[in-house]
Each structure stands twice: as C-alpha cells, then as structure tokens.
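**Student:** Pasting a structure below so you can have a look.
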Amino acid sequence: MQIQQKYNPLNLLVYLVLIIMLLFTLMPIVFMVTASMMTKNQILRMPFKWIPEGFNSINFTRAIVGLDGNYIYLRNILNSLIVSVSVAVSTVLLGSLTGYGLAKFRFKGRNFIFIMIMATMMIPFEAIMIPLYMVVMKLRIQNTYVGLILPFLVSAFGIFQMRQYLTTFPTEFLDAARVDGKSELGIYWQIVLPNAKPVMATLSIMAFRSQWDNLLWPLLVSQSEKMKTIPQYITAFAAERNTDEGAMMAAALIASIPMFVLFMSLTKYFIGGSAVYESRKG
Amino acid sequence: MKKSLYLILIIALLIPTAVFAAGAKDKAVDESKPVTINYWTHDDPARTKLENELIEKFEAMNPNITVERSTRSAQKQIELVQTAFAANEGPDMFNLPIENQYAYITNGRVAPIDYEAAGFKSKQDMLDQYMDGILDTVTVDGEVYGLPLELTNWAIYINKKVFASVGLDAEKDYPRTWEQMADISEKLTIRDGDILVRRGFDFRYPYYLIMFVPMVEQLGGSLMSADGKKAIINDDAWIQALTYMQQWGPLGRNLGSTTYQAPRYIFNADNNDIAMAHTGLYQEGRMKSENPEFFESMDWMVVPFPVFENAVNDVAAAYYGHFFMVNADSDPAVQKATWKFIGYLLSHGEDYLTRGGNLIQPTKALLESDTLKNMPYSQVFIDDMARGHMVYYGADSAEIQTQIRNAVESVMLSGESPQKALATLRSAVQEILDER
Amino acid sequence: MASKPYRGIEKKQARWGFAFVVPALVFFSVFNFYPILNAFYTSFYDRRALSKLKPKFVGLGNYVRLFDPARAESQLSFYNSLKATLTFTLGTFIPLLVVSLILAIFISNLNSNKAKRFLQISYYTPAILSSVIAATIWMLIFDPRGLGNQWMNLLLNTPGVDHKWKTDPMMLQISTMLVYFWKYIGYFVILFITGLATIPPTIYEAATIDGANKTQTFWRITLPLLKPTVVLVSIMAMLQCLKTFSTQYMFYTNGSTRAPINVITFNIYITGIQDQYLGRASAMSVVLFVLMLVLTLVQFRTTKSGENIDY
C-alpha cells in the first residue's frame, strides 16, 4: 500500500500511536538488557534504575558456564535449534501440503476432515497432558529429539492459514500444469509452494517461536540435562531457594538472538506488499 | 459418502487405541546385571554439584549401576512426578516434600525400605540412627517407606542494622510475641502513601500449613480433630489468628501483603527494604555466596518463632522434610540398586550440611555434630524443631492448603469477615475430609 | 445405482487430495484425538492421579458437580471459572483484534521499509521473549513498589497509591489482560500485515484513479478484502484467549488470589494436577472444548466467512 502521504494531523496521530505501542512493548526488553548487566542487589532495588552502574559481565559468565560449570547451555541452545527448525520446516511443509489438499481438491469427507482438524485447536494442553505423556512413554521416545518434535509436526493453525491462502490461488495455473503433464507432487512443489512465500514465512516464524519458547512439553519429555531446551535452562536459575535474576536475563538475552536473526531475514517476505504480489503473478 | 467417512473416523481412532490401550506393561524380570536408576529431583545448584560427585564415586564402586539424575524446579517436580506416576511411568527414585509424598505411600506407589541394601544391619539399627519419631511420618503398618534427605524448619532472621536505624537493639528488642512483632514492624516500616517501601517482617506466603496453622495451634485450635473426621477445631483460636492476619495486611495496619517480593529473596541484598525474614538454615549458605560481606559482618541474627501473648501452647512453625522414595513398580533389581544408592548418598550427611545446600539430615549423628553446632545460630533452629512438629502431610494437604490460603487471603485482601471466611473454610475442609 | 459423482481424472485427483491430507490426519489422531478421547472417557470416572485402584464409574456425576447450583456460591466454583474465562476472553481479544488491525494499517502505510521492519520486530519482541523471563519482569513491574504503580501514579498524579495490580479482584483481571495483550499484539499485527500484503496494489491504484480518498478506500476496499483475515485472526485470538493458562498461573504463584483469575484451564490444572481429581478435571476439559466449539461456530455464522472474494 503505497499511498501518497500529505503532512496532516492524522500522520501525527499515527506516529503517536505507533510510538506509544513501541514503548509499551519494548519496556520489558530494555529491563531484560539492563538487568543482565546488573548485580542482584541492583536488580532488586526499587525503584528500578534503568541505567546500570557500569557493565557487569558476571551474569553472562554465569549464564554460559552454567550452574554445574560444564557449559551445558551450548548444548541446550543446540537442542532448541534442532527442535525449532525441524518443527518450523515440517509445519510449513505438512501445513502447506494439507492445506493445499483441502483447498484445491475435492474428495469425500473433505469438510469433515477440515472441521476435525480445526477442532484440535480447541483442545487445551492441560487437558491432554497425561494421556500425551503416556503416548510418548509407550513409543519410547521420551528424552529424545523425536519426542520433542513429533507432537508438533503439524499445526492446525498452519493448515488453516494455508488453506485460506491457497483457496484464492488461481486454479487455471494448476490445470495448465496438469495439461502439461506435471505430476501432482510436482505441481505442489514447483508451483504452489513458491507462490505461498508470505504465508510460509509467517508460519515458519510462528512455529519456530512457539517451539523456541515451549517449556511445558520439554519439561515432561526432556529429563536428562543434555536434552533440555533453553526455557528449561533459564528456569533452572529461578530455583525455589535462590533466584539468580541477572543470569536468567543474560541467558534470555543470548537466547533471543536467533529469533531476531530469523525474523530479520524472513520479514522481507511479507512487508513490502507489491513485492509479494509480484511473486504471486508468475 | 457416509461409509467412507465412518471408515476414516474409525481408522483415525483405532490406530492409536490399538497401540496404546492394549498396553500390558511388560515387566520381564531382568536377570542380567546392568541396571539404570532414574533419579528425579528438584533444582538446587549446590546439592546438584555434590550429588554429581557422589554419583561418579558410586558408579565407580558399582560398575554395573548407572544413575540418570535429572532435575526440575521444585514446583514442577511435584507436578511432573505425579504426572509420570499417573501415567504408570514414574521414576525409580525421587524426592518430594513429605506433604506431597504421603499419598504415594497410601496408594501403594512406593516400596518399603530394603534395609540391607541401604547399608543398615537391621530395621532397629536404622531407627536408632535417626531422630526419634522422624521416620514415623513415612511408616505405614509397620513398614518404613522412605529415608529423609532433609528436615527443614524456618526461624526469624533479623537484619540488625535496620533495627538500629530506628533506635532498636535487635539483641534485646527482638519480637517474642506476635503482638510485639506487629508493633516492632510498625516502627520499622517506611511507607510512600500506601506503598511499603520497607517492611519490618512479612510472612512466608503461601505456606500456610507451615506458618499459619501453628499460630492457630498456639491459641489452642487445630486443623482437624485427632481422628481426622472433623474439620476446624476451636473457632476462637482460628478467628483470632485470622483477625491478626487481617490486621497485618493492607486493609489493616498495612505491614505486609502477599504480593510484595518475598523477604527471603531480598534479605541477603541488605538493601534496607526488609528487616526480618522467615526462612531456614540454608539461607546462610545463600547469604554467604550472594553477599559475603553481609554474611561475615554478622549484622544479622536468628531468633525463634514468636508466640501469641495469650498462647496456651508453645508451638513453633512446622517443619517439613524431603524423603527419598523408591518406585514400587520398578524392576526388583533396580529397586535394590536404588536403595543401595540412597544409602550411599545419605551416608554423607556432613557434606550435605556444609556444601550440599545446608541441608539438615535428621540423623542423631548430625544433630549432635560439631559441624552443625558451629554453624551460626544453628541452635535456634534445633530448639525450634523441638518446639514444632511435622507439617500436616495427609494426602489432601495441597487441597487443604489451597483452602486455607483462600481463607486468609479473602480476609487480608478482599475484606471478608473472619467469621465468614472461617465458615467457608470449615465447609471446604470438611468436604475434603469426608471424601476420604 | 445413481451415476457416480466422480469420473476418471477427478477421481484420480480426489485420491491425490486425500493422500496429501493423510499424514496430518495420522499425526492428529495420535497426538490429539486419542488424548482428548482419553480425557472424555476419564470424565465419566472418579479417577485419582496416584490411585492404582480401578476408578469408580460416576457417569455424569462429574458434570453434575460442575453445574451444581449449590456450589455456585463458592468462589472457586466452576461457574466462577466460566465467568472469569469469558471476562478475560472478551476483555482481551477485542482490544487485540482492534488494536492489531489499526497498527497493521498504520505500519503498512509507512513509506520506509526500514521503519516497517523495525516496528514489526519491536511489536513482536514480547513473543520472542521467553515466557519465564516475561513472567519475572511483569511480576517485578506489578510489585507494589514497582514500575506499574510508579508510572500510574505519575500519570494520574496520585503519589503513594497502591493500585493493587495483583490483589484487587478487578485490577488483577486487568493485569492479566494487559500482560496477555502485550504478549500477543505483535503476533496478530503480523497476521494482519500478511493479510494486507495479499491485496494487490492494482486495486488501490484503480481506486485512486477513480477518485476515492483514503477513508473511502479503507472502508470500501481494504476492510472488505481483509475480511477473511479478520475472521481468521478473530477466531485465533478468541481461541487463544480461551486457552489462556500460563499468565494466570504466573500471577497465582506470585501471591495473587485465585478466584478472579480462576479461568477454566487453570481450574483444570489445579483440580487435576494439584488436587489429583483427574475425572473432574477431564469433565472441565470437555466443557471447555464444547464451549470453544460453540463460540467458534457462532463467530463463523455471524461473519459468514467469505473465502472467495472476487476482485
């Protein structure tokens, strides 16, 4: 949407709203960054001083070295990366495949299946925690990457989004490709996917993020220190008898970096409107 | 059309049901030597370090035994151990606070002690080594089901400097009664309008079974009748205690509230925002590592749990314990190995005290040891232990504590009258007792 | 038999379509259908978490207990949970929907791509932040001595007033809504931006040529074309709010009272995991599930999801 802007009070209102929201959302982030550089005394002191009295690297040292002193954090970061990337990729692939199937094909029970899949979005995790745990134990995948990834391989929300997006995809292109003799899978891979980039980008960010921050499931499944994920690592600093807020913030700061990187690289797929539409036409 | 729909549905449901519902657990007796012990416990950096060392030594001495130790936060430990057992896949060895553990005994989830494997000559030998009565809490029908990892009680830490700042001498003027506690806190409190910038004392919310019920007991009341059938005994005692809390809170004298930072977290920082904290011996270890100057300066002290002026019983805050227990459904070979491991760990009582998080194992040897006596103010804790009793640990303790919490908070924060809150509490607890 | 509805090619396509959908179905049946059926089954029994005995069959007993009028008085009753859940949902998802739409439009209108990117990332950072950290930070903000009171008192010029973010029943609900709103606003802004991005700019060009001003363009073109996204976001937001749990849990474990924030999921958790009444907890889960289903259908009907908008 590139509409010519004239300087008017409406613009001022727009900027004001945007900036207020900015402050609101960023304030806790600033807190995190500041607190990671402070000693415990300073963090707990109220009123909170936003400008730290000098950079204190002790929190970062503690965060990386870890409570046992064996740098397990690096392994936790790796675990989180493996899980989050796998889930992001599978969510996008399976979500688009299923969404495509539901949007562009007609078969018996299509609507029923769609409704069943949507219904899974209405199941609160707390309700199924115990049976889910039993499933994992029976499959003997507890404390493994498979156990962490498998339940999140497909996302109902992803399917929904993909289906919405692909419903408006011009069927002529698909039919033309079929006439040309392309296989169904080929059509999916070469025509549908490349044109779904904005949704794919959005979905992959969301899937990655939800796994990156997933605490409850890894708590159940990852039992050994080597298989723990980042949120579990951060929680360990908040033990009942001793909370090391500084190290927590430092660890969290380090953990935010991959998310930022991912976000920065994928936003181009859905920010510039015309660019998106161009990719759609061909 | 309908036929295929049903087909889809049936297939979708049959696959997992067939795979999982059948589940007869194959617990084939494992005759081969190597065993693995799954040991679940809660986070505690100092204890983790110690136990990892001990595990290495133990595995070296017992090459066929592997110990898989995993940790989680204290709250999650309670929930996850339970989830695991509910799914019939509990860990081989775990520890929990006794009030959460008793249900495991009554439901047959844990195994009685294998005395010999644990390193004792006999049952009597084991009973002799521990503080009198401590093992009663895990004894059912004559069988003992757990060994204590720690026994903890809380006393009142005082920051002498804060006392001095209002002209009080902590050594002489420390509160001995709850009434004094309120008055002294009033002197120590600094407010900005309604907001408490500095508090004198504040309670250890929400551990009402440990700190509130004893206050009621001081006045002659109790949570339930001796046979456990009737809830809430002695209304006057309860009303007085509830009224005290109401006076303490924001709707009364505004000396503290449930939502400020917990005193035990901020006490060590010595930031002039709290004068007293209700916490355990382990706080000294935390102080030493977080704020060594404050610790060494000895500008702090510990005093016993206060009593009401009109108290009829001298009851200190309750103590609680963590016990090591063994999963009754684990393979027998694993169970034996686990008791051996437990015995080994617990034979290092002094290490647990000095560098494992200041944990007090209630063994006679440790309680009389010089190591314990040499820790500052340890005598206060030991004396308070004698004045107190084990926290209520029935299977429904969590539920009951929730109800007590509700009662106290409604009186403190929502302006409920103590009488009405008590009536609600009574009917709720009575219902819980009737459900048994 | 009537003529078959499918012929050669279409039949083949139908099979392919089905094949594409099968992998997802298998996963859902294992990791979603089976557990919820298990919960449904459990709701008819009085199952206790640790008990090894065969659970007693109580039929609809658990459900009756939930809706028992005699219990409705109690602060921790299921009726109160329903009320708390609905209050929270309405108070959160409507602002989320409206504000995120407004922000998405404002952002899309900006000229600088750099500013767009920066703003989007910034609004999304609460989601990037680990929930453990977010909880710690917000608890410190809502501490009576914390920033919450400081800034409110500054704004309202009322020094020393404790706004009781975590204790007053109404403030407590507002606090939970605030935290939740903060957490998810960026998420929904992105969804709307994605939706806005799918509207071809040629339409706007055509409108401008036709002489439409900005307001007309917005109300007559943008909003109707955005409808599918609005429906999507609205349903997502509502379901997300109905499923809220960790926010309430975090407040409770930091000293707040339970009754005002005893949303259904929280009630399920405490009843099942803490009090060990798995049967009752399962019954609540089923009721919540039905509630979500009903509300979603209501939303669908009232907005008549327009999938195929013709340009």
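The values are calculated or read from the model by the stated rules, or taken from the named source; none is laboratory data. This structure is a prediction, so every number in the text was calculated from the model and none was measured. Quick reminder, even Gly has a Cβ in these numbers, built from the backbone with ideal geometry, and neighbours come from all protein chains shown. Side chains included, ligands, DNA and RNA excluded: accessible areas come from the protein's heavy atoms. Shrake-Rupley method; radii C 1.70, N 1.55, O 1.52, S 1.80 Å.
**Student:** Over segment B:236-372, with the other protein chains present, what is the accessible area per residue in square angstrom, probe 1.4 angstrom?
**Tutor:** Values: 4280 Å² over 137 residues.
In whole numbers, segment B:236-372 has 31 Å² accessible per residue.
**Student:** As a test of the definition: with a 1.4 Å probe, what buried accessible area, both sides summed, do you compute for C against B, in Å² to the nearest 100? Walk me through the numbers on the way to the answer.
**Tutor:** Numbers: alone 19750 and 20080 Å², together 35990 Å².
Interface area, both chains combined: 3800 Å², rounded to the nearest 100.
**Student:** Once you order the gyration tensor axes a ≥ b ≥ c over the Cα atoms, which shape class does the protein assembly as shown get: rounded for a/c under 1.5, otherwise prolate or oblate by comparing a/b with b/c? Each step should come with its number before you reach the end.
**Tutor:** On the way: a/c = 1.89, a/b = 1.46, b/c = 1.30.
Note, shape of the protein assembly as shown comes out prolate.
**Student:** A follow-up question, please. Determine the sum of side-chain charges near residue B:263: Lys and Arg each +1, Asp and Glu each -1, restricted to other residues whose C-beta is under 12 angstrom from that of residue B:263. Intermediate results must be reported in sequence, preceding the final value.
**Tutor:** Numbers: positive: B:198, B:199, B:204, B:264; negative: B:202, B:273.
With Lys, Arg at +1 and Asp, Glu at -1, the neighbours total +2.
**Student:** Give the interface area between chains B and A as buried accessible surface, both sides summed, probe 1.4 Å, in Å² to the nearest 100.
**Tutor:** Details: alone 20080 and 17540 Å², together 34190 Å².
Summed over both sides, the interface buries about 3400 Å².
**Student:** Okay, moving on. Mind checking B:68-74 for the average number of partner chain beta-carbons within 10 Å of each residue's beta-carbon? Provide the component values of the computation, followed by the final result.
**Tutor:** Values: counts 4, 3, 8, 9, 8, 8, 3.
The shielding value for this peptide is 6.
**Student:** So if a site counts as exposed when it's one of the GluC sites (Glu not before Pro), its DSSP state isn't H, G, I, E or B, and it has at most 14 other Cβ atoms within 10 Å, what's the longest stretch of chain A without one?
**Tutor:** Working: sites that count: A:53, A:240.
Segment A:54-239 is the longest.
**Student:** Mind checking the per residue accessible area of segment C:45-305 for me, 1.4 Å probe, whole number of Å²?
**Tutor:** Working: 10010 Å² over 261 residues.
Per residue, segment C:45-305 has 38 Å² of solvent-accessible surface.
**Student:** Another question, if that's okay. Could you work out the mean count of beta carbons from other protein chains within 10 Å of each residue's beta carbon in C:269-282? Please list the in-between numbers first.
**Tutor:** Numbers: counts 6, 4, 2, 8, 10, 9, 6, 8, 2, 2, 0, 0, 4, 4.
Counting other chains' Cβ atoms within 10 Å and averaging over C:269-282 gives 5.
**Student:** Leaving out ligands, DNA and RNA, calculate the buried accessible area for the pair A and C with a 1.4 Å probe, summed over both sides, in Å² to the nearest 100.
**Tutor:** On the way: alone 17540 and 19750 Å², together 27780 Å².
In total, this chain pair buries about 9500 Å².
**Student:** Within 10 Å of each Cβ in peptide A:191-198, how many partner chain Cβ atoms are there on average? Round it to a whole number, please. Spell out each step's value before the answer.
**Tutor:** On the way: counts 0, 0, 0, 0, 0, 0, 0, 5.
Taking all residues of A:191-198 together, the mean is 1.
**Student:** Continuing with this model, one more query. Ranking request for peptides C:214-222, C:177-185: highest mean number of other beta-carbon atoms within 10 Å first, then the rest in descending order. Walk me through the numbers on the way to the answer.
**Tutor:** Working: C:214-222: 14.2, C:177-185: 22.2.
Packing proxy ranking, top to bottom: C:177-185, C:214-222.
**Student:** With label points built 7 Å along Cα→Cβ from the Cα atoms of residue B:62 and residue A:78, find their separation and express it in nm.
**Tutor:** Computed distance between label sites residue B:62 and residue A:78 equals 3.0 nm.
**Student:** Taking Cα pairs under 8 Å and at least six residues apart, what relative contact order does chain C come out at, in percent?
**Tutor:** On the way: 290 pairs, mean separation 90.5, N = 311.
Across chain C, relative contact order equals 29 percent.
**Student:** With an 8 Å cut-off on Cα pairs and a minimum separation of 6 or more residues, tell me the relative contact order of chain B in percent.
**Tutor:** Reported relative contact order: 25 percent.
**Student:** Return the residues of segment B:268-284 for which accessible area with all protein chains present is lower than in the chain on its own by 10 Å² or more; set the probe to 1.4 Å and exclude ligands, DNA and RNA.
**Tutor:** B:269, B:271, B:273, B:282
**Student:** Continuing with the same structure: Quick check: from the Cα gyration tensor, does chain A come out rounded (a/c under 1.5), prolate or oblate? Can you show the working numbers first?
**Tutor:** Numbers: a/c = 2.49, a/b = 1.38, b/c = 1.81.
Judged from the Cα gyration tensor, chain A comes out oblate (a/c at least 1.5, b/c at or above a/b).
**Student:** Then there's this: In segment A:211-228, which residues give up 50 Å² or more of accessible area once the other protein chains are added, compared with their chain alone (1.4 Å probe)?
**Tutor:** A:213, A:219, A:223
**Student:** About the Cα centre, and with charges only on the beta carbon of Lys, Arg (+1) and Asp, Glu (-1), how big is the dipole of the protein assembly as shown? Nearest 20 debye, please.
**Tutor:** Values: 90 positive and 85 negative charges, 1102 e Å.
So the dipole magnitude of the protein assembly as shown works out to roughly 5300 debye.
**Student:** Okay, moving on. Where nothing but the Cβ of Lys and Arg (+1) and of Asp and Glu (-1) is charged, how large is the charge dipole of chain B around its Cα centre, in debye to the nearest 20?
**Tutor:** Values: 39 positive and 60 negative charges, 202 e Å.
Approximately 980 debye in magnitude.
**Student:** Here is a follow-up. For the residue pair residue B:417 and residue B:368, what label-to-label distance in nm results when each label sits 7 Å from Cα along the Cα-to-beta-carbon direction?
**Tutor:** Calculated label separation equals 5.6 nm.
**Student:** Over segment B:171-306, what relative contact order in percent results from Cα pairs under 8 Å that are six or more residues apart? Write out the running numbers ahead of the final one.
**Tutor:** Details: 154 pairs, mean separation 35.1, N = 136.
Result for segment B:171-306 is 26 percent.
**Student:** Related question: Between residue B:36 and residue B:106, with labels modelled 7 Å along Cα→Cβ, what's the label distance in nm to one decimal, could you check?
**Tutor:** 3.5
**Student:** Whole angstrom only: what separates the Cα centroid of segment B:298-323 from the Cα centroid of segment C:216-235?
**Tutor:** Each part reduced to its Cα centre gives a spacing of 64 Å.
**Student:** Once you sort the root eigenvalues of the Cα gyration tensor of segment C:45-305 as a ≥ b ≥ c, which label holds: rounded (a/c under 1.5), prolate (a/b larger than b/c) or oblate (the other case)? If you can, show how the numbers build up before the last one.
**Tutor:** On the way: a/c = 2.58, a/b = 1.53, b/c = 1.68.
Verdict is oblate for segment C:45-305.
**Student:** On to the next question. Roll a 1.4 angstrom probe over the protein heavy atoms and tell me the percent of accessible area of segment C:45-305 that is carbon or sulfur. Present the calculation step by step, with values, prior to reporting the outcome.
**Tutor:** Numbers: 6630 of 10010 Å².
So the carbon and sulfur contribution to the accessible surface is 66 percent.
**Student:** Carbon and sulfur together cover what percent of the accessible area of chain B at a 1.4 Å probe radius?
**Tutor:** Details: 8660 of 16550 Å².
Of all accessible area on chain B, carbon and sulfur atoms account for 52 percent.
**Student:** Going by a 1.4 Å probe on protein heavy atoms, which residues of segment C:46-85 end up with at least 10 Å² less accessible surface in the whole assembly than in their chain alone?
**Tutor:** C:47, C:48, C:49, C:50, C:51, C:52, C:65, C:71, C:75, C:76
**Student:** How many angstrom lie between the C-alpha centres of segment C:49-127 and segment B:373-436?
**Tutor:** One Cα centre to the other: 32 Å.
**Student:** Mind scanning C:83/C:243; A:49/B:187; A:197/A:268; C:116/C:214 and naming the pairs with a C-alpha gap bigger than 22 Å?
**Tutor:** Values: C:83/C:243 14 Å; A:49/B:187 27 Å; A:197/A:268 10 Å; C:116/C:214 20 Å.
Result: A:49/B:187 exceed 22 Å.
**Student:** Leaving out ligands and nucleic acids, note down the accessible area per residue over segment A:68-239 with a 1.4 angstrom probe, in whole Å². It would help to have the intermediate numbers written out before the result.
**Tutor:** Values: 5610 Å² over 172 residues.
That works out to 33 Å² for each residue.
**Student:** Report, in listed order, any pair from B:121/B:340; A:226/C:183; A:138/A:226 with a Cα-Cα distance greater than 24 Å. Mind showing how you got there, number by number?
**Tutor:** On the way: B:121/B:340 13 Å; A:226/C:183 30 Å; A:138/A:226 22 Å.
Over 24 Å Cα-Cα: A:226/C:183.
**Student:** Quick one: check the C-alpha center-to-center distance for segment C:170-185 versus segment A:155-186, whole angstrom.
**Tutor:** 39
**Student:** Given DSSP loops and a limit of at most 10 other Cβ atoms within 10 Å, what is the longest stretch of chain A that contains no such trypsin sites (Lys or Arg not before Pro)? Walk me through the intermediate numbers first.
**Tutor:** Details: sites that count: A:6, A:140.
Here the longest segment lacking exposed loop sites spans A:141-282.
**Student:** Mind ordering C:163-176, B:273-286 by average Cβ neighbours within 10 Å, highest first?
**Tutor:** On the way: C:163-176: 21.1, B:273-286: 23.9.
The densest-packed peptide leads the list: B:273-286, C:163-176.
**Student:** Carbon and sulfur together cover what percent of the accessible area of chain A at a 1.4 Å probe radius? Intermediate results must be reported in sequence, preceding the final value.
**Tutor:** Details: 7430 of 11130 Å².
Looking at chain A in its full context, I get 67 percent from C and S.
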